[in-house]
Amino acid sequence: MTTMHSPALEVAVRPRRRMPKATLLIGLVLLLVLIVAAIFPQYLARYSPTDFDYEAILQGPNAKHIFGTDNFGRDILSRIIYGTRVDMQIAIFTTLFPFIFGTLLGALTGYLGKWSDAVVGRIADLVVVFPFLVLVIAIVAVLGPGLNNMYIAVSAVGWVSYWRLTRGEVLTQKKAEYAQAGRVLGYSPSRILLRHLLPNAVSPAIVYLMTDMSLGILLGASLGYLGLGAQPPTPEWGVMVADGKNFMATAWWISTFPGLALTLAGVTFSLIGDGLADALRPRA
Amino acid sequence: MHSSYVIRRLLQIIPLFLAVMVVVFVLIHFIPGDPVSAILGDRATTENVARANRELGLDKPLIVQFGFFVNQVLHGNLGESINLKVPVLRLMLDRLPVTLFLDVYASVLGVVMAVPLAILAAVRRNTWVDSLIRAVFQVGLSLPGFYVALQLLTLLGARLGWFPIGGYGVTFGDHIYHMFLPALTLGLNLAAILVRTLRNSVIEVLTAEYVDFARAKGLRSRVIMTRHVLRNALIATVTLLGLNVGGLIGGAVITETVFAIPGVGKLMIDAIFGRDYPVIQGLTLVFAVLVSLVFLATDLIHARLDPRAELS
Amino acid sequence: MTAPHLSVRDLNVRIPTPGGVLHAVRGVNFDLMPGEVLGLVGESGSGKSVTLRSLIRLHRPPIQMTGTVEYGGQNLLAASDAKLRSVRGGQISMIFQEPMSALNPVLTVGEQIGENLREHKGLRGRAAQERAAELLDLTGIPSPRARLSDYPHQFSGGMRQRAMIAIALASEPQLLLADEPTTALDVTIQDQILRLLLRLREELHMSVILVTHDLGVVAQTCDRVAVMYGGRLVETAGVNDLFHAPKHAYTLGLLQSLPGAGEHRRPLQPIPGGPPDLRSLPPGCPFAPRCAYVTEACRTGEPPLLEVAPGRFSACIHYDELPALKSTLEEVGV
Ligand SMILES: Nc1ncnc2c1ncn2[C@@H]1O[C@H](COP(=O)(O)OP(=O)(O)OP(=O)(O)O)[C@@H](O)[C@H]1O
Ligand code: SF4
Ligand SMILES: [Mg+2]
């Protein structure tokens, strides 16, 4: 390993460059693109995402169909654009409930401490020994395939990270001076909690929310691929990858482009997450 | 490591296992409608349903049913697969080694990729080398496992013919060869997770005062890197690997499905599509137990490696 | 007159920070004679630790060190890495200010002493163990053999400090850089350690630079004193001269803030006002805002360190207007 020989330790502790802002900016621009595609797919896509066109089956990328067509003659690019709405919806609904529930619970048990904290802690310990994907697909298997059941399953499991982050932050903040000061001033506990502790304690959870959204998209797409999430003919990216898996040898574009869309969406959220983490960190 | 610590950790796992059984037990009771009809599927004649209800004790109060369930589990009886007509435990024991092989293989590949690159990124932090490594793994983290699997399978398997496009093989050499692409799929994802965290923890060590003290002692860089930095990186790696075992099992479900590998992950998916509830229930239980055991082992190894661990 | 053991010229250390470049050490010059114990005193943030670290080029980029540190006919600031490594630890040892963070938490104390013995004395295995136990014993750690396999967190603060001293002394250095080696210790142990250092000075003919807040320690241990303020040396003198007749208003302030005779050593009492901001220094004497003797002349240009009497250097314009002190070394608590 080359790193061992160099006088590695004499090497620069270079000051951070202004990169964080750039990552955040690129992430936000990409996010804007995704949002526009999700809201106005009809203005961006040239074709219907679901109508069959037997004249145009399995065409490779060409001038009329930039990303080609699938075995039903549907335009891949148009389906990807319409798919944005589905996958953004997945990103939001797989994270929103865990975020709200986990953050509030974290603030509450972090503030109250004692038995409430211990009880939720034990429950969290229990939840995390179930492999996330396994538990989600087990729940989906019981409730039946589909996006709504997936959201229920994810909500039952996903709150733990938010609870941990917020609870830890509240515990630290509780010791900070203004909470003490608030108590001295005679503010009610709920006021201290909601007005002072929560707003300060929520920032790690917000940073994690971004990472979690990219994980949520991956999860939704994985279930879609396995046939347990969005159901065909919904233009969901994971479903689209699965649609093309039997054509990989002859029509690679069917799976490849939706997969790239997924990756791009994942990168978007993690860039924003990293950018936010840097921006919210007190010192570089 | 004090034996009292080990004993304490071992004792903690008993209530955890009990709680796991509660969850798995409750899970099946969420099946909409009549669970027995669902379990019996096509064979759900009125007569069959009534008999099964009696046999499974489903006409008894819930708490009695749970006692029955726990008793069965403790005797190694996880029920029988509806579709395959084989005891779930047998089914699982046959296939678990395949999945364990895949996950261990993937961990090895992941560590081999991640540790040197994380150290390199940390040593050259905030340079283009660091940015490149981080960017590549940032993208790696966003790549869906099924997609990577599919592309590797098509490209290196089908098109170039370098690797077989499925199966598990017979000999150990076979396994290594057959499982390379699946393990690489999982390993890449694991490496992405490891690089992110390891880089930061190595930077923390590199800038620690004790590294300056080691330099002030006149130790060579190589000695400082291996004794002071790698040792700490190792501790962080072990912990991360342990925490990620759930991810590896979930990953195995997807990868085994794409590569048609006869492991427990594939079994789970087959069971779900076959509505084979006893298998789903048994697998969920075993996975959770497996993860708790790995968490326990991680804690104990961590306590061995890091003398401060027992304090917290 | 013999040649100096260590000779520092125009040493500057600049630390880039988010709020601008922090000029932590600004043109420091001094010589250290063989066998001499030089005390480096000054309030917190005056640049003592930064100076000490730069003597063996310990700062890493982006921290910038310029000037020369002559040792054994070489400028350490420009020496090759290999050369520097043999000097570091082998000939010049350093005791860090914070033993808790300077000791690696995941290596045993024995291993951390052993590293030094292996690198500089070629000792390993049993021989290294024996020697390590001897060293711990030397610094007054009870049942040293058993403690070798302990981790730093199993030691008390004072014992960690002593373990660090044992590590630094393992290679029998010719020059010891000691950054507040006795601060965490109680008075009895502090005495033991200082006595140990003085004895080793005799036995090994070792020179010592001793950073401290404690003027009592200076009086007890040092031959000469350098007073640091705002990244500069503002006065250097023999220890007797300095205590009787300080030639810098800051030194005078330090001495006047000492408790009277009878009471035992106390850390320096603060002089009203705070240390200067090393990121943006005003022109003139950096002590001017807090100085009782300040005049217009003090604010126009920064007074250079000049020889104001044989062997005495001061950077105070009004050095000859300062009162002599009646204080003696005894009163300071020897
Ligand atoms: N790594 C660093 N980064 C930024 N500033 C630093 C760093 N090291 C030292 N400084 C700053 O340099 C100045 C001198 O610090 P130094 O540690 O030398 O003080 P000191 O005289 O040793 O004080 P003390 O008695 O508290 O140890 C201080 O203002 C300090 O904040
Ligand atoms: S030069 Fe002037 S301001 Fe500075 S210490 Fe001397 S008298 Fe005070
Ligand atoms: Mg200091």
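The values are calculated or read from the model by the stated rules, or taken from the named source; none is laboratory data. Values in this document were obtained by computation on a predicted structure and should not be read as measured data. Here Cβ is always computed from backbone atoms with ideal geometry, including for glycine, and neighbour counts include all displayed protein chains. Heads up: the accessible areas ignore ligands, DNA and RNA and are worked out on the full protein's heavy atoms, side chains in. Shrake-Rupley method; radii C 1.70, N 1.55, O 1.52, S 1.80 Å.
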Every listed condition ((1) closer than 23 Å to A:SER222 by Cβ; (2) open to solvent by less than 30 Å² (accessible area, probe 1.4 Å); (3) assigned to a helix (DSSP H, G or I)) holds for B:ALA122 save (1)
Any residue that is at pLDDT 90 or above and under 20 Å from the mean Cα position of the chain (by Cα) - is there at least one of those in region A:165-188? yes
Hey, among B:THR257, B:THR237, which residue is farther than 30 Å from C:LEU177 by Cβ and either buried (at least 24 other Cβ atoms within 10 Å of the Cβ) or at the interface with another protein chain (Cβ under 7 Å from one of its Cβ atoms) (or both)? B:THR257
What strands (runs of 3 or more DSSP E), lying completely within region C:155-243, carry at least 1 residues that are of a type in the set (Gly, Ala, Ser) and within 16 Å of ligand 1 (Cβ to nearest atom)? C:175-179, C:224-229
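Return the residue satisfying two criteria in turn: it lies in region C:40-66 and is within 14 Å of ligand 3 (Cβ to nearest atom) and in contact with a helix residue (DSSP H, G or I) (Cβ under 7 Å, 6 or more places away or on another chain), and of such residues it is nearest to the other protein chains (Cβ to nearest Cβ). Write out each step before concluding.
Looking only at region C:40-66, we keep the residues that are within 14 Å of ligand 3 (Cβ to nearest atom), and these are C:40-55, C:58-59.
From the residues that got through so far, the ones that are in contact with a helix residue (DSSP H, G or I) (Cβ under 7 Å, 6 or more places away or on another chain) too are C:40-42, C:58-59.
Values: C:LEU40: 17, C:VAL41: 22, C:GLY42: 21, C:LEU58: 6, C:HIS59: 9 Å.
Of everything passing the filter in region C:40-66, C:LEU58 is nearest to the other protein chains (Cβ to nearest Cβ).
Counting residues that are more than 9 Å from ligand 1 (Cβ to nearest atom) and open to solvent by 50 Å² or more (accessible area, probe 1.4 Å), which helices (runs of 4 or more DSSP H) fully inside region C:5-107 reach at least 1?
Details: elements: C:48-55, C:81-87, C:99-102.
Hits in region C:5-107: C:81-87, C:99-102.
Checking the condition within 15 Å of A:GLY216 (Cα to Cα), at the interface with chain B (Cβ under 7 Å from one of its Cβ atoms) and in a helix (DSSP H, G or I), which residue from A:ILE137, A:ILE90 passes?
So the residue among A:ILE137, A:ILE90 that is within 15 Å of A:GLY216 (Cα to Cα), at the interface with chain B (Cβ under 7 Å from one of its Cβ atoms) and in a helix (DSSP H, G or I) is A:ILE137.
Quick check on this structure: which one of B:LEU132, B:LEU190 is surrounded by fewer than 16 Cβ atoms within 10 Å (Cβ to Cβ) and either at pLDDT 90 or above or at the interface with chain A (Cβ under 7 Å from one of its Cβ atoms) (or both)? It would help to see each step written out before you state the result.
Working: B:LEU190 fails: surrounded by fewer than 16 Cβ atoms within 10 Å (Cβ to Cβ).
After ruling out the rest, the residue left standing is B:LEU132.
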Mind counting the residues in region A:227-265 that are at the interface with another protein chain (Cβ under 10 Å from one of its Cβ atoms), touching a Pro at 6+ places or on another chain (Cβ under 8 Å) and on the phi < 0 side of the Ramachandran plot? 8
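Taking region C:35-54 only, how many residues are away from ligand 2 (no atom under 16 Å from the Cβ) and over 21 Å from C:LEU84 (Cβ atoms)? Walk me through it before giving the result.
Here is the first cut: in region C:35-54, the residues away from ligand 2 (no atom under 16 Å from the Cβ) are C:35-40, C:44-45, C:47-54.
Applying the additional criterion that residues be over 21 Å from C:LEU84 (Cβ atoms) yields C:35-40, C:44-45, C:47-48.
The qualifying residues number 10.
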Counting only residues that are within 25 Å of A:LEU209 (Cβ to Cβ), without any contact (Cβ under 8 Å) to a residue 40 or more places away in the chain and part of a loop (DSSP other than H, G, I, E, B), region A:225-284 contains a total of 3
Considering only region A:46-77, how many residues are farther than 20 Å from A:GLU236 by Cα, open to solvent by 60 Å² or more (accessible area, probe 1.4 Å) and of a type in the set (A, V, I, L, M)? 1
